[in-house]
Every structure is written in C-alpha cells, then in structure tokens.
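Participant: One structure coming up, written as structure tokens, with questions to follow.
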Amino acid sequence: MGKKITKEGLTKKGFSEKQVQLILNMGFTFNAIKYMPDDWFISNFDEEACEIIKIVRAEGRPPIPTKTYNKLMLESSRCCCICYNYGNGVILHHIHPWEDSTSHDEENLVVLCSNHHAEAHIGLTKENLLTDKLTPQKLKTFKDAWVKKVAEIAKNNVLKLMKETTDYWYYFHPGFLQWISNNKVDVTQADSYEILLKMGVISREGHLMPGINENIENSKLWISKDFGTAVHLRIYYASLMELVSQKIDFINLNNSWGNIEEVKNILEQNKSFIYQGKFNFGNDKSRTNKNQTGMERIRRGCIPNTKKYKNLSITFTYDEFFCMNSSAVSYHLSGTNKEIILIGVCRNIEVVDNKLIISPTVYAIGSGGSLKRPFEINDSNNI
C-alpha cells in the first residue's frame, strides 16, 4: 500500500498550496504520483510543478525540516516576499536550486507565491527581464526586506493594541510583576513608577511592597486600599504591558496558519502568545472560596465550543480577586461570548482530533482595538 499523502508532506516537498489541494482532492498516494505519466502532469500542473514531480519520483530530495519550514512561514507571515499578496498560495523556493546546492538551509529558502515561483525558475533558465529581477541575490534582498517588514509591522500592531487597551485591562496575574522582571523590563520607565515609589507602594525593583491590602479576607479586589493608589497601579500595570510588548515577540494566534501542527510547533518554540476573540466565563470546579471577598475565587475562561472555533481551544483559570475593578468581575469577565484580549504563556499544548488545545498561564486580560495579521492584503507599500 502506498504511503498516505499529507498537506504538510507535499508542501515540504515543494508544492504550492493550490497544487497540494488538487493532489489531496484526487486522493493519490506517493507511489501513484511517482508513476503517473508526464502528459498527465503537464495537463494538470504548471511547468515548475512538473520539475518537482520528477524530484518526488526520484526520491532523491528529503523533505524540508519541520522546524525550518515553520520558522520561514512564521517570519514571512505565509506571504510572498515579492508581491505581498495573501490571496495567493505560497511555496518554499530554493534560492540556489536543489540540484546544485542540495541545501534545505533556511538561508537558501524563500517564501514565494506560485506566480513568482514560476518566474524565479524561468529567470534561472532564460535570458530575459526576469533574470535580472529574480536572481538569487535579488531573491535574498526581497526576502530580507520582507522578513524585516513583517517583524516591524507585527510588533507595531501589538504595541498599538497595547496603547488602545490602556484603560481596559481587566485582570493581571499575581505573578505579573515577576514575569515583567524575568523579561528584563526597565520598570523605571513605566508611568506612575516614581509616584508609587514615593507612596511606598512599590520597591525600586518595581515589586509591590507588603501591606498593599491589609484586609484581604474582607476585600473584593486586591487594589481596593484607596482610590489614588488604585488609579496609579492601573496606570503602572498598563504601562508595563506596553514595555514588555517591546521586549517579547508574541505569537499572534489571530494570524492565518497553514495547519494545526504548524501552530503547535511554533508555540513550543516561543510560548508567549496574544489572542483576541470571544470567551465564556464561569466559576471553576477548583474554587474553594464561595464568598464574594478574599482570594481563591477561581474562575474559568474558555473559547466557545462552536463551529467557528472548531480547530482551537484555549482554557484557563484565574482568581477574580486580582481583577482591576468591580465591573471586570460582574460584567466584562462574566457570562458568555465576551470579546477579550488574552496575553498568555503556554503551559501545555496538544492536538486532539485536529483541534489545537492550549492550556496557558494568563498574565493579562483586556479589551479594545483590533488584533490584525501583520500585513493587510491590500497594502500597496513597496520595499
């Protein structure tokens, strides 16, 4: 029996996403592809795909390593580095042909759409205008510029979101300040740092001083000491979120991804993520404090189990005592289908029945703004 064909396996072999879908729809095995006549491929695929078929038949070319494939797709936002068009399927192209280099190194690979992939192959064999445009050096230049641009736009999108969310942070994890410290954030640059320091609320290192709330058992929230302190703490924490966003490259789960395994592999390498979407909230079974005051009032948040979210599950718990205001407890983080922004670090990731299941530690919950993919389809900026 022939080896079962997979989308990831075909993509790593060098097929474009459109060609992968055609082959999958036809239900061929690897052995069937190896022995198909040339005229069949010529009638169903373009010129460069026929060359790839020959490589697959010969079995002389190993697949691109998963780690390399995922890294290149992430840093390019699954988009061609020449046309920036998200509407076209993409393919990994060897800057120096595999036949000459036998190299799957990431420095020798670039993400192109099927159109520019064809042009790149023509440019290597024909003396025309394409030769000057898509030489290996030109491809490297396009790639480097695009990867840099994607990173800058992704970072700016997150920073813009942080600014838009300044007044709408509903919850911070009790270990938030330690997380900030672990990421080497300069807390002295945060708004309200000097004020809180003079008030004796925080230390020079930016951590909370003992006694911030001396009546915890009878308090609904951790920052209910007095209004002035609460206001400056909210400003301080929101400012720290902006600062840490400059240090961490959050994985944007709202991006478009090739497949579930791709997202899993990327998150295993970089566990910090940001996600915007609808969540349901309710008391968790582990809740030990049934009262309306004090700590250990554990709540649970999860993505609704609907067709829209059939491939993604994010479930987390949090202590409502550490919410930033009473409306967060009673409304924003209560009930169903609440639109929020989640900042988390993955503790466990698994794939079950083609569904990505993420169990994170959530360091911040808020709302406001809109989390977009790094680059818009209709963006016409040139490199």
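The values are calculated or read from the model by the stated rules, or taken from the named source; none is laboratory data. For clarity, every value in this text was computed on a predicted model and none was experimentally measured. Because the Cβ atoms are built from the backbone with ideal geometry, glycine has one as well, and the counts that use them run over all protein chains shown. Please note that ligands, DNA and RNA were not included when accessible areas were found on the heavy atoms of the full protein model with its side chains. Shrake-Rupley method; radii C 1.70, N 1.55, O 1.52, S 1.80 Å.
Participant: Roughly what would the spin-label model give for Asn283 and Thr317, points 7 Å off Cα along C-beta, in nm?
Facilitator: 1.4
Participant: Using 24 Å as the Cα-Cα cut-off, could you pick out the over-long pairs in Lys148/Lys308; Lys71/Lys138; Lys163/Lys247; Lys149/Lys247; Lys67/Lys271; Lys148/Lys271?
Facilitator: Values: Lys148/Lys308 32 Å; Lys71/Lys138 21 Å; Lys163/Lys247 15 Å; Lys149/Lys247 17 Å; Lys67/Lys271 15 Å; Lys148/Lys271 21 Å.
In this structure, Lys148/Lys308 lie more than 24 Å apart at Cα.
Participant: Might you work out the accessible area of Asp144 for me, using a 1.4 Å probe with all protein chains in place, and round it to the nearest 10 Å²?
Facilitator: 100
Participant: In square angstrom, what is the accessible area per residue of segment 152-236 with a 1.4 angstrom probe?
Facilitator: I get 57 Å² per residue for this part.
Participant: Same structure, new question: Measure off, as a whole percent, the carbon and sulfur share of the 1.4 Å-probe accessible area of segment 160-239, all protein chains present.
Facilitator: Numbers: 2260 of 4440 Å².
Within segment 160-239, the accessible surface is 51 percent carbon and sulfur.
Participant: When all protein chains stay in place, what accessible area (Å², nearest 10, 1.4 Å probe) is found for Asp249?
Facilitator: 100
Participant: Take Ser239, Ser370, Ser334 and sort them by solvent-accessible surface of the protein heavy atoms, 1.4 Å probe, largest at the top. Walk me through the intermediate numbers first.
Facilitator: On the way: Ser239 10, Ser370 65, Ser334 35 Å².
Reading off the accessible areas and sorting them downward yields Ser370, Ser334, Ser239.
Participant: For segment 180-244, which chymotrypsin sites (Phe, Trp or Tyr not before Pro) are both in a DSSP coil and crowded by at most 14 other Cβ atoms within 10 Å? Can you show the working numbers first?
Facilitator: Values: sites: Tyr193, Trp222, Phe227, Tyr236, Tyr237; in loops: Trp222.
Listed in order of number, the matching sites amount to none.
Participant: Right, next: Taking the Cβ-Cβ separation of Asn218 and Asp144 as r and a Förster radius of 56 Å, what is the calculated FRET efficiency to the nearest 0.05?
Facilitator: Working: r = 59 Å, r/R0 = 1.06.
In this case the efficiency is close to 0.40.
Participant: In segment 283-329, what trypsin sites (Lys or Arg not before Pro) fall in a loop by DSSP, with at most 11 other Cβ atoms inside 10 Å?
Facilitator: On the way: sites: Lys285, Arg287, Lys290, Arg297, Arg299, Arg300, Lys307, Lys308, Lys310; in loops: Lys285, Arg287, Lys290, Arg297, Lys310.
Sparse-neighbourhood loop trypsin sites (Lys or Arg not before Pro): Lys285, Lys290, Lys310.
Participant: Follow-up question, since we're still on this one. Averaged per residue, what accessible area in Å² does segment 247-329 show with a 1.4 Å probe, protein chains only?
Facilitator: Working: 3850 Å² over 83 residues.
I get 46 Å² per residue for segment 247-329.
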